[in-house]
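One structure is given here, and the rest of the page talks about it.
Any read-out appearing in this document is the output of simple, stated calculations on the displayed coordinates, not a laboratory observation. It should be emphasised that the depicted structure is a prediction, and the values quoted were computed from it without experimental measurement. Every residue, glycine as well, gets a Cβ built from its backbone with ideal geometry; the counts of neighbours run over all protein chains shown.
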Amino acid sequence: MKKVSEIEVEGEKVLLRKDFLGWHVVYPNKDENGKVIWKNLIAGGSWIKLGITIGFVILLILAIIEYSTTTRIALECLNKTTIKIPIDFAIK
């Protein structure tokens, strides 16, 4: 685990961690008393980011379902279609 640094900004404690991309805010799963912080555990610190991620995943799943349905319908149409080639055209 990477080292977590603690700073104070406007009287509020902020935890930071540095990796190869730079500094990032850390949202701990437990507070100083050992109590679980459910917001950080479930949502990673932000309900809005969780909602955006869930919305993106739902849109991706719906796009995959739509693509597979459209492909299946197109294959059914192609299998039912008969192509008649005139004999004059085939001889030339």
With a ≥ b ≥ c from the Cα gyration tensor eigenvalues, square-rooted, and the rule rounded for a/c under 1.5, otherwise prolate when a/b > b/c and oblate otherwise, the range 1-43 is oblate
Angle, helix 47-80 long axis vs. longest principal axis of the chain, Cα atoms, 0 to 90°, nearest 10? 10
In deg cm²/dmol, rounded to 500, what helix-only [θ] at 222 nm does the chain give when every DSSP H run of at least 4 residues adds -39500 (n - 2.57) and the total is split over its residues? -16000 deg cm²/dmol
Could you work out the relative contact order of the chain, using alpha carbon pairs under 8 angstrom and six or more residues apart, expressed as a whole percent? 11
Ranking VAL9, ILE85, THR53 by how far each Cα lies towards the positive end of the charge dipole of the chain (+1 on Lys and Arg Cβ, -1 on Asp and Glu Cβ), the top one is ILE85
Hey, fewest Cβ within 10 Å first, where do PHE20, PHE56 land in order? PHE20, PHE56
Charges at C-beta only: +1 for Lys and Arg, -1 for Asp and Glu. How large is the resulting dipole of the chain about its Cα centre, in Debye rounded to 20? 380
Stretch gain in nm, segment GLU12-ILE85, where the contour uses 0.36 nm per residue and the Cα spacing is subtracted: 18.4 nm
What are the residues whose amide H is under 5 Å from the amide H of VAL26, where those residues sit 5 or more places off or on another chain and H is modelled from the backbone? LEU15, LEU16, ARG17
For all pairs of alpha-carbon atoms in the chain, what percent lies in each bin of width 5 Å, listed from the first bin to the last filled one? 2, 10, 10, 12, 12, 8, 6, 6, 5, 5, 5, 4, 4, 4, 3, 2, 2, 1
